[in-house]
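Quick notes on the structure that follows.
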Amino acid sequence: MSELLHLPLEALHVELGAKMVPFAGYSMPVQYGLGVMKEHLHTRAAAGLFDVSHMGQVILRGADYQAVAQAFEALVPVDVAGLGLNRQRYGYFTNQAGGIEDDLMLANRGDHLFVVINAACKDADIALMRAGLPAGVTLEVIEDRALLALQGPLAEDVLAGLNPAVRAMRFMDVADLDLAGATCWVSRSGYTGEDGYEISVPADAAEDLARALLSDERVEAIGLGARDSLRLEAGLCLYGHDIDAHTSPIEAGLGWAIQKVRRTGGARAGGFPGAARILSELDGKAPRARVGLLPEGRAPMREGVELFTTAEGGHPIGRVTSGGFGPTVGAPVAMGLVARDHATVGTQLYGEVRGKRLPVTVVTLPFTPANFKR
Amino acid sequence: MKFTEDHEWLRIEGDLVVVGITEHASTQLGDVVFVELPEVGTMVAAGDEIVVIESVKAASDIAAPLDGEIVEINEAIVDEPSKVNADPLGEAWFFKMKVDDLSLLDQFMDEDEYKDLVD
């Protein structure tokens, strides 16, 4: 295996008592002294600071935004051209089989398109973009900026202490703002189900900004462990687990990210990899569905647990794609992909854990209500 | 008190051995959210995986340290798994077992030896 990569805030994490683990090729903080449970609960109650600098930040430029956006629409089923100035949108790269190559955030920054991609998919995504975009579009991988996320109901109050302009931002707005002496690219978004911000900051200013935020007693440093349990309770997909190259966005319940203009009958319908399958599945024909799963007992049902319709015998009708303990729910929670016939809310299924079939109920996602400032 | 390489502690109580996990183990596991204990009356062999502990991070097993019979289990940690983090050496014992030969405990580490292992 190749050498572990190190990010700008590593020394700060170690100083804060983080347990560092390898993740997607990077040395990352999985938890701090508080531990996963308290870090999770703190984020839902106040504000948590996450270092997500391992994620890929990419700028695409062309003759103008429209030129880039229209070219980018060949890679994603999202309305990129119709995205308002300084607005952000969720999307995903699809493949010819109608599966998902990665999920991403994209933003209209006026003279360019800003894209944030998953760390583990970074190289493949960059190759995919280079291969799929015309010569007139240039791709710049941003290597000199860190990425922080401040999440939680008090995130606005905390960040407003550094720049009051953050209050005026709505969910999925993007702005260039001065924070702790550096020009940051700020979006009102996140991966926890809570209100909050994602902040792209110059690498040499990242520590000052992180320290400024952590000096506020309402803020705690939060590791990848709690990031995972927070997003799971929020019903958000993790690439490589809930979604992958073999899962269509419709099976994954992500059809909402395909705007009308890209759907059948729309002005720019289709034109992305796998469009035939994906658009036909939008009519309710997806063979599987991603569902929320609430185990009855206290035993967590983790990724890979097979799901059955009966307490004995039969064949699996699906499997858990993400699962664990939900600190806010106070019980185990999971998501899974199941055959369409067994995806109705209220359906009783059984998950096989250590050879025992344990009852689990199909429930609506998310487990905890989203707390966005729309 | 004696300690195993699997980070269990063993304490003699009359003719029984009380078994739990060490502070080091509970810290490494992280917040414990689920504990499954063997049934009272189960005959176990040393090395049998008889307890399941799940933390927010992962599932792990605890093995029987010796041959014997499970004679008592601590339901309190099943009802409230967080006790395993709060008081691993006291309130959060796992089970008591009857072993044929208490002198077999001599094979395990004493406190100093265990400290050398985890430090």
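The values are calculated or read from the model by the stated rules, or taken from the named source; none is laboratory data. These numbers were taken from a predicted model, which means no experiment stands behind them. Here Cβ is always computed from backbone atoms with ideal geometry, including for glycine, and neighbour counts include all displayed protein chains.
Yes or no: segment A:228-236 includes at least one residue that is modelled with pLDDT of 95 or more, closer than 27 Å to residue A:42 by Cα, aliphatic (A, V, I, L, M) and touching a His at 6+ places or on another chain (Cβ under 9 Å). Even if it seems obvious, please write down each step before you answer.
Going through segment A:228-236, the residues modelled with pLDDT of 95 or more turn out to be A:228-236.
Narrowing the set further to residues that are closer than 27 Å to residue A:42 by Cα leaves A:228-236.
With aliphatic (A, V, I, L, M) added as a condition, the list becomes A:230, A:232, A:234, A:236.
Next, only the ones that are touching a His at 6+ places or on another chain (Cβ under 9 Å) stay: A:230.
Checked against the condition, which is being modelled with pLDDT of 95 or more, closer than 27 Å to residue A:42 by Cα, aliphatic (A, V, I, L, M) and touching a His at 6+ places or on another chain (Cβ under 9 Å), segment A:228-236 yields at least one hit.
State all residues of segment B:67-86 that are in contact (Cβ under 8 Å) with a residue 12 or more places away in the chain and within 12 Å of another protein chain (Cβ to nearest Cβ); if no residue qualifies, say none.
Answer for segment B:67-86, where residues must be in contact (Cβ under 8 Å) with a residue 12 or more places away in the chain and within 12 Å of another protein chain (Cβ to nearest Cβ): B:77, B:78, B:81, B:82, B:85.
Condition check ((1) crowded, with 21+ Cβ neighbours inside 10 Å; (2) modelled with pLDDT of 95 or more; (3) farther than 26 Å from residue A:210 by Cβ; (4) out of contact with any strand residue (DSSP E or B) (no Cβ under 9 Å at 6 or more places or on another chain)) across all residues:
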site	(1), (2), (3), (4)
A:46	no, yes, no, no
A:85	no, yes, yes, no
A:90	no, yes, no, no
A:106	yes, yes, no, no
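Which of the following residues is touching a residue at least 60 places away in the same chain (Cβ under 8 Å) and over 19 Å from the mean Cα position of the chain (by Cα): A:333, A:329? Spell out the reasoning first.
Working: A:333 fails: over 19 Å from the mean Cα position of the chain (by Cα).
Every option except A:329 fails the conditions.
Could you grab the pairs with beta carbons closer than 7 Å, sequence gap of 6+ or different chains, first residue in segment B:43-66 and within 12 Å of another protein chain (Cβ to nearest Cβ) and surrounded by 20 or more Cβ atoms within 10 Å (Cβ to Cβ), second one among the aromatic types (Phe, Trp, Tyr) and assigned to a strand (DSSP E or B)?
Once the first residue is within 12 Å of another protein chain (Cβ to nearest Cβ) and surrounded by 20 or more Cβ atoms within 10 Å (Cβ to Cβ) and sits in segment B:43-66, its partners that are among the aromatic types (Phe, Trp, Tyr) and assigned to a strand (DSSP E or B) give B:54/B:34; B:56/A:325.
Against the condition surrounded by fewer than 21 Cβ atoms within 10 Å (Cβ to Cβ), in the same structural domain as residue A:50 (by TED's automatic domain parsing), of a type in the set (Ser, Thr, Tyr) and at pLDDT 95 or above, how does residue A:215 come out, does it pass? Write out each step before concluding.
Numbers: surrounded by fewer than 21 Cβ atoms within 10 Å (Cβ to Cβ): yes; in the same structural domain as residue A:50 (by TED's automatic domain parsing): yes; of a type in the set (Ser, Thr, Tyr): yes; at pLDDT 95 or above: yes.
So residue A:215 fits the description; yes.
Quick check on residue B:72: is it within 13 Å of the chain's Cα centre (by Cα) and part of a loop (DSSP other than H, G, I, E, B)?
Details: within 13 Å of the chain's Cα centre (by Cα): yes; part of a loop (DSSP other than H, G, I, E, B): no.
Judged against the criteria, residue B:72 is not a match.
Please specify each residue of segment A:124-160 satisfying the condition of being part of a helix (DSSP H, G or I) and acidic (Asp, Glu). Before the answer, list the steps.
Start the filter on segment A:124-160 by keeping residues that are part of a helix (DSSP H, G or I), which leaves A:124-132, A:155-160.
A:125, A:156, A:157 - these are the residues of segment A:124-160 that are part of a helix (DSSP H, G or I) and acidic (Asp, Glu).
Which one of A:107, A:97 is farther than 26 Å from residue A:230 by Cα and in the same structural domain as residue A:255 (by TED's automatic domain parsing)? Step through it out loud before you land on a result.
Details: A:107 fails: farther than 26 Å from residue A:230 by Cα.
Going through A:107, A:97 in turn, the sole match is A:97.
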